[in-house]
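Scroll down for the structure; my scribbles are underneath it.
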Amino acid sequence: MTGQVSKLFRKKENLHRTSGSEIVKKDIKSMYQEELEGMLAGMGEPRFRAAQIFRWLHSGVKSFDEMTNISKDLRRKLIENCYISQAGIEKKLISAYDYTVKYLFSFNDGETVESVLMKYHHGYTSCISTQAGCKMGCTFCATGKGGFSRNLTASEMLSQIQAAQADNNIRISNVVLMGMGEPLDNFDNVVRFLRLVGDENGLNIGMRHISLSTCGIVPRIYELADMKLQITLSVSLHAPNDEIRSRTMPINRKYDITQLLKACKYYTDKTSRRISFEYAMIDGINDSDACAAELGRRLRGIIAHVNLIPVNSVEETGYKKSKKDRIRRFTEILAQAGITATVRRTLGSDINASCGQLRRQTIKENSAKEV
Ligand code: SAH
Ligand code: SF4
């Protein structure tokens, strides 16, 4: 945790611990129903209680006392041994142009992350964070600039969706793991989240309605492919060659483009799912005709779609969005190479301090207040 972050959070109570003792309470909303059954059996409770409690937790209750069909005695035992993870609204920005809402959520220990709710013609999509901060250090990314604080639990990922649903009285049908953090760097919690969010007694969001974006942690892409989960994989490529990619994305020094694309090919072969490649267009860095031609050559033979995103300029990076004409030309060259590319529609452009900026700004404000 950075100095600034710890200053902001040290005032807040850590609710994971029972006061005055070192007993760590169980994160009950991260538990599978079978795990709940096991825990309840240990308390002398019948199996069906687990299904009841699981449904309550995933309907978004904030306290055990809301579980009205559970006896007072069992509720008391649960309060003693477990806690319900929640996402509280710390800040909220609503776009004036479209139905996009950006949240800064805080968890039980005071840690904060960003999350975005978007409305498309097919329904509501929640863009959630998987880590508070990120270790990957991509040079164009506000989250990367802010450093890493901690992994999120599966329940904290679920809570972001539940809080957005409750705040707007809606049902979210699609989820993208594209907020703060690198999902494949928090692999076990992310897989647990995916299994929980798809549970028919839970939020029941099918894997085909979920996209996971990664900067390219190659061994984890193989692992994910072998699970055959049917989620959409987005790969943040952002460069056609190792020279540019290693400059902007340090992960490329560990797993280069050749290794990454080999893993992507394995993923599509195993799952028959098309991969989306994210490509942030940065003026003068990765947007030349030569870059487009090279990208076209590299992606040949992979079932792929390219999303071109005019880069969001982040304070301190000096990067600027590519010009419209440049993006059009880039798209044409890709099309000539047989690669379909679309320019990402930017929702909420007025509040689109790109992901990581709202949290960073808040931490700076709070530490300024404390000085
Ligand atoms: N860590 C994962 C997912 C979170 S980032 C990843 O890197 O894929 C979500 C997406 O936003 C990624 O494609 C990332 O490269 C992109 N991104 C980060 N900063 C950006 C910026 N300033 N402009 C445009 N896209 C950005
Ligand atoms: Fe982390 Fe993704 Fe940002 Fe890179 S782009 S620093 S991997 S959140």
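What follows is calculated from the coordinates using simple rules that are stated; it is not laboratory data. Since we're looking at a predicted model, the values are computed, not measured. Glycine also receives a Cβ, built like all others from the backbone with ideal geometry; neighbour counts cover every protein chain displayed.
With semi-axes defined as the square roots of five times the eigenvalues of the C-alpha gyration tensor, the equivalent ellipsoid of the chain measures 38, 24, 18 Å, largest first. Among residues other than Leu261 with Cβ under 12 Å from its Cβ, the summed charge is +4 (Lys and Arg +1, Asp and Glu -1).
Shown here are the Rg and Dmax of the Cα trace of the stretch 194-349, at 16.2, 51 Å. When the P(r) of the stretch 201-268 is calculated, the portion above 16 Å amounts to 49% of the C-alpha pairs. Between Ala51 and Tyr222, full extension at 0.36 nm per residue minus the direct alpha carbon distance yields a gain of 58.2 nm.
When the trypsin sites (Lys or Arg not before Pro) in the stretch 159-233 are filtered for DSSP coil states and for at most 13 other beta-carbon atoms within 10 Å of their beta-carbon, the remaining sites are Arg171, Lys228. Among residues other than Arg195 with Cβ under 12 Å from its Cβ, the summed charge is -4 (Lys and Arg +1, Asp and Glu -1). Annotation for the stretch 64-137 versus the stretch 179-209: alpha-carbon center distance of 14 Å. Counting other Cβ atoms within 10 Å of each Cβ, which GluC sites (Glu not before Pro) in the stretch 152-258 have at most 14 and sit in a DSSP loop? Loop-located and lightly packed - Glu200. What would the Debye equation give as log₁₀ I(q)/I(0) for the stretch 73-214 at q = 0.16, 0.19, 0.20 Å⁻¹, counting only Cα atoms as equal point scatterers? Treating every Cα as an identical point scatterer, log10 I(q)/I(0) equals -0.85, -1.17, -1.27. For Ala341, the residues whose modelled amide H falls within less than 5 Å of its own, excluding neighbours fewer than 5 places apart on the same chain, are Val306. Applying a DSSP loop filter and a limit of 12 other Cβ atoms within 10 Å to the GluC sites (Glu not before Pro) in the stretch 248-342 leaves Glu315, Glu316. Cβ crowding within 10 Å ranks Met31, Met157 as Met31, Met157, fewest other Cβ atoms first. Based on every Cα atom in the stretch 173-212, Rg and the maximum pairwise Cα distance Dmax equal 10.0, 28 Å.
A Gaussian network model of the chain, with springs between Cα atoms under 10 Å, assigns the largest mean-square fluctuation among Pro250, Pro46, Pro219 to Pro46. For the chain, the antiparallel share of DSSP beta bridges with both residues in that region comes to about 45%.
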